[in-house]
Amino acid sequence: VLRSVAPARPREAWRLDLVSTAMASELKRQLQRLKEASGLPRRHLRVRPSLLYDAKDAADISTESVLEGAQAALESLSTTDPKLLDFREELFSASAAKLDRALLTEAENKELDAKLERFLLRLSPLLRKPLAVEVL
(Lines give C-alpha, C1' and ligand atoms only; values in the text may rest on other atoms or scores of the structure.)
Protein backbone atom coordinates (compact mmCIF):
# COMPACT_ATOMS: atom_id res chain seq x y z
CA VAL A 1 0.00 0.00 0.00
CA LEU A 2 1.40 3.32 -1.06
CA ARG A 3 0.57 6.36 0.99
CA SER A 4 0.83 9.88 -0.26
CA VAL A 5 2.68 11.98 2.24
CA ALA A 6 3.16 15.69 1.82
CA PRO A 7 6.77 16.72 2.18
CA ALA A 8 7.61 18.39 5.45
CA ARG A 9 7.87 22.15 5.24
CA PRO A 10 10.96 23.81 6.57
CA ARG A 11 10.61 25.75 9.80
CA GLU A 12 11.26 29.03 7.96
CA ALA A 13 8.21 28.45 5.75
CA TRP A 14 5.98 28.15 8.82
CA ARG A 15 7.43 31.36 10.22
CA LEU A 16 6.75 33.14 6.94
CA ASP A 17 3.15 31.92 7.05
CA LEU A 18 2.76 33.30 10.58
CA VAL A 19 4.30 36.64 9.61
CA SER A 20 2.13 36.85 6.49
CA THR A 21 -0.99 36.12 8.52
CA ALA A 22 -0.08 38.74 11.13
CA MET A 23 0.65 41.33 8.45
CA ALA A 24 -2.64 40.57 6.70
CA SER A 25 -4.53 40.92 9.98
CA GLU A 26 -2.88 44.27 10.72
CA LEU A 27 -3.57 45.48 7.19
CA LYS A 28 -7.19 44.44 7.56
CA ARG A 29 -7.45 46.43 10.84
CA GLN A 30 -5.86 49.49 9.21
CA LEU A 31 -8.22 49.29 6.25
CA GLN A 32 -11.19 49.03 8.61
CA ARG A 33 -10.04 52.14 10.50
CA LEU A 34 -9.63 53.98 7.18
CA LYS A 35 -13.09 52.91 6.11
CA GLU A 36 -14.60 54.08 9.40
CA ALA A 37 -12.70 57.36 9.34
CA SER A 38 -13.59 58.08 5.73
CA GLY A 39 -17.23 58.45 6.74
CA LEU A 40 -16.40 61.17 9.25
CA PRO A 41 -16.73 64.81 8.26
CA ARG A 42 -13.23 66.23 7.87
CA ARG A 43 -14.13 69.93 7.86
CA HIS A 44 -15.38 69.85 11.46
CA LEU A 45 -11.80 70.38 12.62
CA ARG A 46 -11.39 73.57 10.60
CA VAL A 47 -14.53 75.37 11.76
CA ARG A 48 -14.06 74.86 15.48
CA PRO A 49 -12.79 78.00 17.24
CA SER A 50 -9.21 77.87 18.37
CA LEU A 51 -7.17 79.69 20.97
CA LEU A 52 -5.96 82.15 18.35
CA TYR A 53 -8.87 82.47 15.91
CA ASP A 54 -12.64 82.61 15.99
CA ALA A 55 -14.62 80.00 14.03
CA LYS A 56 -14.91 82.08 10.85
CA ASP A 57 -11.22 82.96 10.70
CA ALA A 58 -10.13 79.42 11.63
CA ALA A 59 -12.04 78.00 8.68
CA ASP A 60 -10.04 80.19 6.28
CA ILE A 61 -6.56 79.39 7.63
CA SER A 62 -4.68 76.44 6.20
CA THR A 63 -3.05 73.79 8.34
CA GLU A 64 0.27 74.74 6.77
CA SER A 65 -0.10 78.36 7.92
CA VAL A 66 -0.92 77.27 11.46
CA LEU A 67 2.08 74.91 11.41
CA GLU A 68 4.43 77.65 10.19
CA GLY A 69 3.24 79.96 12.96
CA ALA A 70 3.68 77.26 15.60
CA GLN A 71 7.16 76.42 14.29
CA ALA A 72 8.21 80.08 14.42
CA ALA A 73 6.83 80.44 17.95
CA LEU A 74 8.64 77.25 19.01
CA GLU A 75 11.92 78.60 17.63
CA SER A 76 11.45 81.87 19.53
CA LEU A 77 10.55 80.12 22.78
CA SER A 78 13.58 77.88 22.43
CA THR A 79 15.79 80.86 23.29
CA THR A 80 14.27 80.62 26.77
CA ASP A 81 14.18 76.81 26.89
CA PRO A 82 16.33 75.05 24.26
CA LYS A 83 14.87 71.66 25.24
CA LEU A 84 11.67 72.64 23.44
CA LEU A 85 13.46 71.98 20.18
CA ASP A 86 13.56 68.28 21.11
CA PHE A 87 9.89 68.18 20.12
CA ARG A 88 10.31 69.92 16.76
CA GLU A 89 10.44 66.81 14.58
CA GLU A 90 7.94 64.63 16.38
CA LEU A 91 5.25 67.27 17.02
CA PHE A 92 5.96 70.20 14.67
CA SER A 93 6.87 68.58 11.37
CA ALA A 94 4.73 68.53 8.23
CA SER A 95 4.11 64.81 8.72
CA ALA A 96 2.96 65.41 12.30
CA ALA A 97 0.51 68.07 11.09
CA LYS A 98 -1.03 65.57 8.66
CA LEU A 99 -1.38 62.85 11.26
CA ASP A 100 -4.92 61.55 11.72
CA ARG A 101 -5.32 60.10 15.19
CA ALA A 102 -8.42 58.18 14.12
CA LEU A 103 -6.16 56.00 11.98
CA LEU A 104 -3.67 55.21 14.74
CA THR A 105 -3.77 52.12 16.87
CA GLU A 106 -4.50 52.42 20.58
CA ALA A 107 -0.80 51.90 21.36
CA GLU A 108 0.23 54.60 18.86
CA ASN A 109 -2.29 57.02 20.37
CA LYS A 110 -0.96 56.33 23.86
CA GLU A 111 2.57 56.97 22.66
CA LEU A 112 1.49 60.25 21.07
CA ASP A 113 -0.35 61.22 24.27
CA ALA A 114 2.84 60.64 26.25
CA LYS A 115 4.84 62.85 23.85
CA LEU A 116 2.23 65.59 24.08
CA GLU A 117 2.21 65.39 27.86
CA ARG A 118 6.01 65.72 27.99
CA PHE A 119 5.82 68.71 25.67
CA LEU A 120 3.08 70.43 27.67
CA LEU A 121 5.00 69.92 30.90
CA ARG A 122 8.06 71.50 29.29
CA LEU A 123 5.98 74.39 27.90
CA SER A 124 3.91 75.05 31.04
CA PRO A 125 6.35 77.51 32.71
CA LEU A 126 6.13 79.66 29.56
CA LEU A 127 2.35 79.73 29.17
CA ARG A 128 2.09 83.40 30.16
CA LYS A 129 4.05 84.32 27.04
CA PRO A 130 1.90 85.01 23.96
CA LEU A 131 4.18 82.81 21.84
CA ALA A 132 3.31 79.80 24.00
CA VAL A 133 -0.31 80.11 22.92
CA GLU A 134 0.78 80.13 19.28
CA VAL A 135 2.69 76.89 19.86
CA LEU A 136 -0.44 75.25 21.24
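The values are calculated or read from the model by the stated rules, or taken from the named source; none is laboratory data. These numbers come from a predicted model, not from an experiment. Quick reminder, even Gly has a Cβ in these numbers, built from the backbone with ideal geometry, and neighbours come from all protein chains shown. Ligands, DNA and RNA are stripped out before the accessible areas are found, and what is left, the full protein with its side chains, is counted by its heavy atoms. Shrake-Rupley method; radii C 1.70, N 1.55, O 1.52, S 1.80 Å.
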Exercise for review: Could you please let me know if S76 is in contact with a Leu (Cβ under 6 Å, 6 or more places away or on another chain), free of Cβ contacts under 8 Å to residues at least 60 places away in the same chain and of a type in the set (S, T, N, Q)?
Suggested key: yes
Point to revise | Meets criteria (touching an Asp or Glu at 6+ places or on another chain (Cβ under 8 Å), within 24 Å of R33 (Cα to Cα) and surrounded by 14 or more Cβ atoms within 10 Å (Cβ to Cβ)) for A96 | key: yes
Review point. Out of the stretch 87-111, which residues are in a helix (DSSP H, G or I) and in contact (Cβ under 8 Å) with a residue 12 or more places away in the chain?
Key: F87, R88, E90, L91, A94, A97, A102, L103
Review point. So how many residues does the stretch 49-72 have that are open to solvent by less than 70 Å² (accessible area, probe 1.4 Å) and either part of a loop (DSSP other than H, G, I, E, B) or small (G, A, S) (or both)?
Key: 10
Practice item. Take L131 and decide whether it is in a helix (DSSP H, G or I), in contact with a Lys or Arg (Cβ under 8 Å, 6 or more places away or on another chain) and surrounded by 13 or more Cβ atoms within 10 Å (Cβ to Cβ). Key: no
Exercise for review: Filter the stretch 76-86 down to residues that are in a helix (DSSP H, G or I) and of a type outside the set (A, V, I, L, M) and give me whichever is least open to solvent (accessible area, probe 1.4 Å).
Suggested key: S76
Revision key, fill the gap. Scanning the stretch 99-114 residue by residue, those surrounded by 14 or more Cβ atoms within 10 Å (Cβ to Cβ) and modelled with pLDDT of 90 or more turn out to be L112
